[in-house]
Amino acid sequence: MTDASTVALHRQLGMTDDELDAVIGELGRNPTHLELAMYSVMWSEHCSYKSSKPHLRRLPTEAPWVMVGPGEGAGVIDVGDGLAVAVRIESHNHPSAVEPYQGAATGVGGIIRDIFSMGARPIALMDPLRFGNLDDARTRYLFEGVVSGISGYGNSVGVPTVGGEAVFDDCYKGNPLVNVFCLGLLRHEDLVLAIATGDGNLAVLLGSATGRDGIGGASVLASAGFAEGAEQKRPSVQVGDPFEEKRLIEACLELYNRKLVVGVQDLGAAGICCAASETAAKGGMGMDFDAARVSRREPGMNPVELLTSESQERMLAIVEPAQLDAVLEVAQRWEVRATVVGRVNDSGRFRVFDGYFDAIGVPGANPMPPPGDAAIVCTSDAEPVADVPAASLGDGPVYQRPLARPANLDVVHNDDPAAKLRAQFADGVDLGEELLSLLTSPTIADKSWIFRQFDHQLFLNTVVGPGGDASVLRLKGTTKALALATDGKARFCKLDPRTGAQLIVMEAARNVACAGAVPKALVNCLNFGNPEHPEVMWEFSEVVDGMSAACAALGFPVIGGNVSFYNESRGANIDPTPTVGVVGLIDDLIAVPPSIGLRAGDALIVLGTTQAELGGSEWAAVTHGLRGGRPPQADLETAVALHELVRNLVVDRLLGGLHDCSDGGLAVTICEMAFASDVGFEFRGTADGVLLTDAEECFSESANRVVLSVAPDQIGTVLARARAAGVAAEVRATIGGSRLVWRRSPDDRDPDIRPVFDLDLATVKTQWSNAIPALFAQPSG
């Protein structure tokens, strides 16, 4: 039986009565305040994955080239020549909704530490972002703050941001999504894992002093939804220092290179409590920890604050006593604070003291207290303020939450927008204004306002930067390169989460294929609403199964990821928003891959078939507010054939340009190609008005389509290869001039019959380029 004060406290910390009972059962007594705080953060949704674990186990995670799969700081794959890449994607959604600059900046800092904790040098960032509509002043504030936070931290720490996404939809108005992807490079022998082994080894805290910023930050903010008064959560948002992080990167990489550490873990969510207990538990060991050894940024901090603070730029290294002096010398040279805070033992328990190590001769000494604090009295008779089984903090409850298909889903499926749009846009209607509306919508409009704020050429590895289908990084000293793409389409998942997840994986793989790469691994960030709602858990389960099927069919594993639940505001859940990052390998990069531009004098070939599939499309949902229907079909067999065909065409240098067809459909895709090269086109439609109207051909978002720019002397070769691959292919346009023209049929040149659209390239490109800056009253340049 617990007393009233303990019950009140556990509920304040977000624990249920059953969870408190489980803690008491584990310990055989009531927990101390520190123990209760540690269990509350470690058993939070963000840290424990207690609602998602049963489903995530269904994802395919193995392949011969996988060196480290899910469960470590980052997934690691072999890319040949003794090299490996570490990959991770994370969310900082809730902190960014409270304080956008620091929320985004510390999201970047945290994912960078995940990467270099594996022994890898971080070499690239990408940022998939989701916001409400930009006509809302607060959304503009959040958007501008997040972009500034990403650029401010990434540019300063010296890691290039090479791509990403920005999507705008009302479902994110109160709960933006800030997902961050990072990739690092390492040699096989430099791989480091987060594990504490060796009785008597020392735990050394590296980096910033610990403050009250971020106490319960990610673990608390990401484990509940937003309601009125969310601004009161601002103190839980961490504060980042990219210059401290840069020193920490270099110090840690030197420690790895000189083999001075046994294991390393980043201090992220749940702070010291998580890093110390997890490293001990993974090694089957225990650890004694002395809170008095932690450097404090503020006076009056107690062990609860010190153990759960999520102050940034900190790492925990496990060091053999014989290597301690060398570790401290490296830290001093890089001007990184280093303090012995723990000692590994074989007890299996995590014990926390507050004034013990100095009295028993553990190497090191208590740091100087902050102004206003007296020196901590140390005694060899000190009793622990926490004493728990180390593994129990990471072995929290696992919930089989109820699943329920949304009751209105059949109604939504039957509300197909095609009939309404056909009635409004019969063949013969000029679609120029419809196209302009799409091109100037923020999700489709030019994103250079965002990526011009990022330095994407740091390290000089970037072959293809932001703005294309995939970013491409060369691996110096080899002929190899990596292609990276992030993708997500929540509206498809809202209509059919299983199919939507497959379409997302297919698109990311298609994007890296457009760079000539073979997809090797996927990481996911699964952003969902409240897991206590059965409909949300049904969507989650369906997304996992769809993603599993797509990865299995396309031949690459899921090597890591993140689950972000409780993305809701005032009781309204966001649409299910899985975002994925796919890494592809180019074995022999002999030239820059073709761009998304058109080449004057080429023919335009469309690979794939277009069907009347408008459910979830940008045209139906954004332009006309029609959000029902079903998403496009996800034909995985066709995707395999298409990706191989496209990849080989790129590798054999048969293309002048190419672009994946996705948001906005074929008309938007070809216009984007025209904008990239300032070259116009004359497209010849094939709509028959029965199976397919002009509008459907323009704006349908059917999957498995790629648009090619092909020289006249290569047309026969490309078409023959497509036939051999079983992929539909047709010459559909001539490229050249200064206008964007879509004619109604291949033979329709009657001047009395209006084309589907006929627009001036320069004028439309200016509107597309200025759409986002205009919302901030800024010029595009």
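The values are calculated or read from the model by the stated rules, or taken from the named source; none is laboratory data. Bear in mind that the values here come from a model prediction, so they are computed numbers and not experimental data. Cβ placement follows ideal geometry from the backbone for every residue including glycine, while neighbour counts extend to all protein chains displayed. Accessible surface areas use protein heavy atoms only, side chains included; no ligands, DNA or RNA. Shrake-Rupley method; radii C 1.70, N 1.55, O 1.52, S 1.80 Å.
Could you report the chain's accessible area per residue, 1.4 Å probe, as an integer in Å²?
Numbers: 27050 Å² over 781 residues.
With all protein chains present, the chain gives 35 Å² per residue.
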A 1.4 Å probe over the protein heavy atoms gives the stretch 241-325 a carbon and sulfur accessible-area percentage of 51 percent
The orientation-averaged projected area of the Cα convex hull of the chain, in nm², is 32.8 nm²
Mean Cβ-within-10 Å packing, highest first, puts peptides 613-626, 760-773 in the order 613-626, 760-773
Quick calc: nm separation of the 7 Å Cα→Cβ label points for Ala711 and Ile590 -> 1.4 nm
Highest mean packing first, using Cβ neighbours within 10 angstrom, the peptides 488-494, 404-410, 299-305, 654-660 sort as 488-494, 654-660, 299-305, 404-410
Which of Lys520/Lys765; Lys489/Lys765; Lys173/Lys246 exceed 31 Å between C-alpha atoms? The answer is Lys520/Lys765; Lys173/Lys246
Candidate cut points under chymotrypsin sites (Phe, Trp or Tyr not before Pro) in the stretch 632-721, DSSP loop plus at most 12 other Cβ atoms within 10 Å of their own Cβ, are none
Rounded to whole angstrom, the alpha-carbon centroid of the stretch 141-157 lies from that of the stretch 304-368 at a distance of 32 Å
With the label point 7 Å along the Cα-to-beta-carbon line of Ala552 and a cut-off under 16 Å to each amide N, the hits in the stretch 54-97 are 55-63
Carbon and sulfur atoms account, in whole percent of the 1.4 Å probe accessible area of the stretch 449-515, for 49 percent
Helix-only [θ] at 222 nm, the chain, -39500 (n - 2.57) per DSSP H run of 4+, per residue, nearest 500, equals -10000 deg cm²/dmol
So Ser437 and Phe459, fully extended at 0.36 nm per residue minus their Cα-Cα distance, gain in nm 4.1 nm
Here the FRET efficiency for Ala63 versus Glu189, based on Cβ atoms and R0 = 35 Å and rounded to 0.05, is 0.95
Placing each pseudo-label 7 Å from Cα in the direction of the beta carbon, Asp678 and Asp652 end up separated by a distance in nanometres of 3.4 nm
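Taking the Cα centre of the chain as origin, work out the dipole magnitude from +1 charges on Lys and Arg Cβ and -1 charges on Asp and Glu Cβ, in debye rounded to 20.
Its charge dipole is roughly 920 debye.
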The rounded separation in angstrom of the Cα centers of the stretch 404-456 and the stretch 59-94 is 34 Å
Expected sort for 575-584, 443-452 on mean C-beta neighbours within 10 Å, highest first, is 575-584, 443-452
Of the DSSP H helices in the chain, the ones reaching 20 Å or more along their long axis in Cα terms and averaging at least -1.0 in Kyte-Doolittle hydropathy are 100-116, 137-157, 242-257, 497-513, 534-554, 636-651, 761-775
By accessible area (1.4 Å), largest first, Ser662, Ser709 order as Ser662, Ser709
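Using only Cα atoms, what is the ratio of the radius of gyration of the stretch 100-215 to 2.2 N^0.38 Å?
So the Cα radius of gyration is 1.29 times the expected 2.2 N^0.38 Å.
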Subtracting the Cα-Cα distance of Ala419 and Val690 from 0.36 nm times their residue separation yields 96.4 nm
So, with points 7 Å from each Cα along the Cβ direction, the Asn408-Arg333 label distance in nm works out to 6.4 nm
Taking only protein heavy atoms and a 1.4 Å probe, the highest-to-lowest accessible-area order of Asp545, Asp358, Asp678, Asp18 is Asp18, Asp678, Asp358, Asp545
One finds, for Asp135 and Arg570 with R0 = 22 angstrom and r their Cβ-Cβ distance, a FRET efficiency to the nearest 0.05 of 0.70
In debye to the nearest 20, the charge dipole size for the stretch 475-557, taken about the Cα centre with +1 at each Lys and Arg Cβ and -1 at each Asp and Glu Cβ, equals 580 debye
